[in-house]
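Asker: Handing you this structure, nothing more for now.
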Amino acid sequence: MMLIKIELALFGLLILLSVGVMRSRYKHANQIDRIFAGRKSRSTEGLYTRYFLGMGIQVCTIEKVLDVMAETFQVNASLLLPEDSFEGNLSYLLTLHDDIEIELIENLEERFSISISDTEPERIKTIHDMVLFVSQKMKSQYPVNSAYPLPSKPPVALTRPSQ
């Protein structure tokens, strides 16, 4: 009889935990939907052309930064824009768990083979800042003639159509 009560209590606890997890996922999905409401997906090349053209930043750098953001925060990378702010519309993402900022920095360091000091992330307020920071960091750590591996995707060649 006692064993049945314990099993029922454990089953009830399991149901409560499952409901809590489902509520948390639902809340997270709703918050993400609210952050990106009305946005349409953009290609990396489109972001490059609109925001980074002529800045000496490779398309693959933008793509990798957005991939790191998507993986770390579990969001759709094609909805992210350079003006998205960690102190503004993306602030919710920084509250997902205690170590998410550290996880983001570690993911950037790993993906780009760079090292980031403890004070450097303070300057990064937007995704645009992050792309510029990573690009500058790579240029300083891996000069043009160094043995840094080539990007997986070459930069987009932007030319005007012939008339």
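Asker: Given a 1.4 Å probe, how much area per residue of the range 45-147 is accessible, in Å²?
Answerer: 51
Asker: Could you calculate the FRET efficiency of S115 with N89 from 1/(1 + (r/R0)^6), where r is the beta carbon distance between them and R0 is 30 Å, rounded to 0.05? Show your work: numbers first, answer last.
Answerer: On the way: r = 29 Å, r/R0 = 0.96.
Computed FRET efficiency for S115 and N89 comes out at 0.55.
Asker: Still on this structure, I have one more. How are the C-alpha pair distances of the range 47-130 spread across 5 Å bins, as whole percents from the shortest bin up?
Answerer: Using 5 Å bins, I get a P(r) of 3, 13, 26, 29, 20, 8, 2, 0 for the range 47-130.
Asker: Which percent of the accessible heavy-atom area of the range 84-123 goes to carbon and sulfur, probe 1.4 angstrom? Before the final figure, lay out each step's value.
Answerer: Values: 1060 of 2420 Å².
Its accessible area is 44 percent carbon and sulfur atoms.
Asker: Each residue of the range 65-76 in turn: what ³J(HN,Hα) in whole Hz from Karplus with 6.51, -1.76, 1.60 and θ = phi - 60°, glycine and Pro shown as x?
Answerer: 4, 5, 5, 4, 4, 4, 5, 5, 9, 6, 10, 7
Asker: Let me ask something else about it. Order K64, K139, K40, K125 by their accessible area, 1.4 angstrom probe, all chains in place, largest first. Can you show the working numbers first?
Answerer: On the way: K64 45, K139 110, K40 165, K125 80 Å².
Ranking K64, K139, K40, K125 by accessible area, largest first, yields K40, K139, K125, K64.
Asker: Okay, next question. In the range 46-98, which chymotrypsin sites (Phe, Trp or Tyr not before Pro) fall in coil by DSSP and have 13 or fewer other Cβ atoms within 10 Å?
Answerer: On the way: sites: Y48, Y51, F52, F73, F86, Y92; in loops: F86.
Here no loop site has a sparse enough neighbourhood.
Asker: Just read off the accessible area of S113 with the full protein assembly in place, 1.4 Å probe, to the nearest 10 Å².
Answerer: 60
Asker: Next question, about the same structure. How about K40: which aspartates and glutamates have a C-alpha closer than 16 Å to its C-alpha, ignoring those fewer than 8 places off in the same chain?
Answerer: Answer for K40, where 16 Å is the Cα cut-off: E83, D84, listed by chain and number.
Asker: Order E71, E103 by their accessible area, 1.4 angstrom probe, all chains in place, largest first.
Answerer: Order by accessible area, largest first: E71, E103.
The values are calculated or read from the model by the stated rules, or taken from the named source; none is laboratory data. Remember, predicted model here, so these are calculated numbers, not experimental data. Glycine also receives a Cβ, built like all others from the backbone with ideal geometry; neighbour counts cover every protein chain displayed. Each accessible area value is taken on the protein alone, full model and side chains, heavy atoms only, with ligands, DNA and RNA left out. Shrake-Rupley method; radii C 1.70, N 1.55, O 1.52, S 1.80 Å.
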